[in-house]
Amino acid sequence: MRVWFNRTFSSVYAAIELIRRADVDGRFHIVHSNPNPQSPVARVAHEFHREPTGLEGQPYVDWCVGFCRDHKIDIFVPGREATLLAGAHARFAAGGTRVLSCASEENLQLIHDKGRFYAEVDLPGAPVAEFRRFDNAAGFEEAYDLLRRRHARLCVKPSRSIYGLGFAVLDETRSSAELLMAGAEYHVSLADFRRALPALGAFRDMLLMEFLDGREYSVDCVGDDGRLVAAVARRKSAQAGAGQRIDQRADILEATAHLARAYGLNGIFNVQFREADGRARLLEINPRMSGGIGMACVAGPNLPYIALAGFADGYDKVEVAPVRNGMRVGELTQAVELA
């Protein structure tokens, strides 16, 4: 069975490696594509192809349809342009290819727009932080005046972003220079931020939010059209190099299952939570595999293989190993020669 992973995040290396390790009968032939001919993922895939550069949106979808046809792809696991590709399943099916999308195109659009998603999501067991949207200086001041009366610390982040890019805690006492000298990551001076906003005029949609200062949890999951098949929750450590603890908290797993049902989540996805006053609060759904997918799989379930084999054959035919709750996991890097 020919399975294609197109250009995507670097975690696909671990995913393909895990699939090949579990696929002892050699049933899946893994194809990967990337514009970079030196991509490390080429080392672990059975077959590698270069993607064209400069294609975006619908032209890229058209290229993917042609690639599946020309290379006789049975299952396509999209990374790049995954939202658009989720709306094109019929085109791929006409050529004999099934697409393993994380959710419908409509739900993916919603999940990627955190402002809209936060306003809509109903999760009493792990509610999102209180927030307000703003896209100009006046909107920020109005939001700040409201939220600062209710919360001791606030933060900002873009409504659309990945990897935490654009996130910063508003520091009310130090200047940007002082924060730089102190090596304070993910902080911005409130005074400097305020001074700069008027000159920007209108800008992209931003969120001002209650800052959640507790422990962070990352839950790597496999879903079957809304049913949570497997989930491994990692509790992150505040101490660098201390690894992460597998912590199958019942409230977090219940909230994750609720989100899977509500948004029809499918294949591999990730959900982020953070504590406030000991209570879990939802940060976001990542409709893709996380960078820590390898650490989650050390705890038992081989999530990429479960997702692929379950999609291919039905999840009732796939064994899900028990999670070794309480174990500590971490990642080690290894240098290699590139061809």
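The values are calculated or read from the model by the stated rules, or taken from the named source; none is laboratory data. Everything numeric here is computed off the predicted structure, so don't read it as measured data. Every residue, glycine among them, receives a Cβ derived from its backbone with ideal geometry; neighbour counts consider all protein chains shown. For accessibility, only protein heavy atoms count, side chains too; no ligands or nucleic acids. Shrake-Rupley method; radii C 1.70, N 1.55, O 1.52, S 1.80 Å.
Across region 15-36, what is the number of residues that are open to solvent by less than 10 Å² (accessible area, probe 1.4 Å), small (Gly, Ala, Ser) and more than 29 Å from GLN109 (Cβ to Cβ)?
The total comes to 0.
Please go through region 91-111 and pick out each residue that is open to solvent by less than 70 Å² (accessible area, probe 1.4 Å) and part of a helix (DSSP H, G or I).
PHE92, ALA93, GLU105, ASN107, LEU108, LEU110, ILE111
Per-residue answers, yes or no, for (1) assigned to a loop (DSSP other than H, G, I, E, B); (2) closer than 20 Å to ILE19 by Cα:
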| site | (1), (2) |
| --- | --- |
| PRO52 | yes, no |
| TYR60 | no, no |
| ILE73 | yes, yes |
| THR83 | no, no |
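Could you please find all residues in region 278-309 being closer than 28 Å to PRO124 by Cα, open to solvent by 10 Å² or more (accessible area, probe 1.4 Å) and either among the charged types (D, E, K, R) or over 14 Å from the mean Cα position of the chain (by Cα) (or both)?
Residues satisfying the conditions are GLY278, ARG279, ARG281, GLU284, ARG288.
Are any residues in region 37-50 among the small types (Gly, Ala, Ser) and either part of a helix (DSSP H, G or I) or surrounded by fewer than 16 Cβ atoms within 10 Å (Cβ to Cβ) (or both), and if so, which ones?
ALA42
Those residues that are of a type in the set (Gly, Ala, Ser), assigned to a loop (DSSP other than H, G, I, E, B) and modelled with pLDDT of 95 or more, I need them from region 301-339; list them, please.
Across region 301-339, the qualifying residues are GLY314, ALA321, GLY326.
What pairs come out if I take residues in region 18-29 that are without any contact (Cβ under 8 Å) to a residue 60 or more places away in the chain and pair them with residues that are buried (at least 16 other Cβ atoms within 10 Å of the Cβ) whose C-beta lies under 7 Å away, six or more apart or interchain?
Hits for this filter: ARG20/ILE30; ARG20/VAL44; HIS29/ARG2; HIS29/VAL3.
Take the residues of region 230-241 that are modelled with pLDDT of 95 or more and either open to solvent by 40 Å² or more (accessible area, probe 1.4 Å) or in contact with a Leu (Cβ under 9 Å, 6 or more places away or on another chain) (or both): which is farthest from SER101 (Cα to Cα)?
Checking each candidate, the answer is ARG235.
Being surrounded by 14 or more Cβ atoms within 10 Å (Cβ to Cβ), of a type in the set (A, V, I, L, M), assigned to a loop (DSSP other than H, G, I, E, B) and in contact (Cβ under 8 Å) with a residue 24 or more places away in the chain, is that true of even one residue in region 131-151?
Checked region 131-151: no residue is surrounded by 14 or more Cβ atoms within 10 Å (Cβ to Cβ), of a type in the set (A, V, I, L, M), assigned to a loop (DSSP other than H, G, I, E, B) and in contact (Cβ under 8 Å) with a residue 24 or more places away in the chain.
Look through region 120-130, keep the residues that are closer than 15 Å to GLU284 by Cβ and in contact (Cβ under 8 Å) with a residue 40 or more places away in the chain, and return whichever of them is surrounded by the most Cβ atoms within 10 Å (Cβ to Cβ).
Looking at the filtered set, the residue picked out is ALA126.
Only one of these is within 21 Å of ARG132 (Cβ to Cβ) and either among the small types (Gly, Ala, Ser) or part of a loop (DSSP other than H, G, I, E, B) (or both): ALA255, ALA196, ALA242. Name it.
ALA196
Can you pull out every residue in region 56-90 that is crowded, with 17+ Cβ neighbours inside 10 Å, among the charged types (D, E, K, R) and over 17 Å from GLU106 (Cβ atoms)?
Result: ARG80, single match.
For region 242-277, give me each residue that is buried (at least 21 other Cβ atoms within 10 Å of the Cβ) and polar (S, T, N, Q).
GLN244, THR256, ASN266, ASN270
Do we have GLU275 as in a loop (DSSP other than H, G, I, E, B) and either of a type outside the set (Gly, Ala, Ser) or in contact with a Ser or Thr (Cβ under 6 Å, 6 or more places away or on another chain) (or both) here?
no
Quick grid of which residues meet (1) of a type in the set (Asp, Glu); (2) under 30 Å from ILE73 (Cα atoms):
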position: ARG235; (1), (2): no, no
position: ALA257; (1), (2): no, no
position: ASP277; (1), (2): yes, no
position: LEU283; (1), (2): no, no
position: ARG288; (1), (2): no, yes
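Can you find even one residue in region 207-215 that is open to solvent by 80 Å² or more (accessible area, probe 1.4 Å) and in a strand (DSSP E or B)?
Looking through region 207-215, none of the residues is open to solvent by 80 Å² or more (accessible area, probe 1.4 Å) and in a strand (DSSP E or B).
Residues ARG261, ARG288: which one is within 14 Å of SER104 (Cα to Cα) and in a helix (DSSP H, G or I)?
Only one candidate passes the filter, namely ARG261.
Any idea how many residues of region 190-219 are out of contact with any strand residue (DSSP E or B) (no Cβ under 8 Å at 6 or more places or on another chain) and in contact (Cβ under 8 Å) with a residue 40 or more places away in the chain?
So the count comes out to 7.
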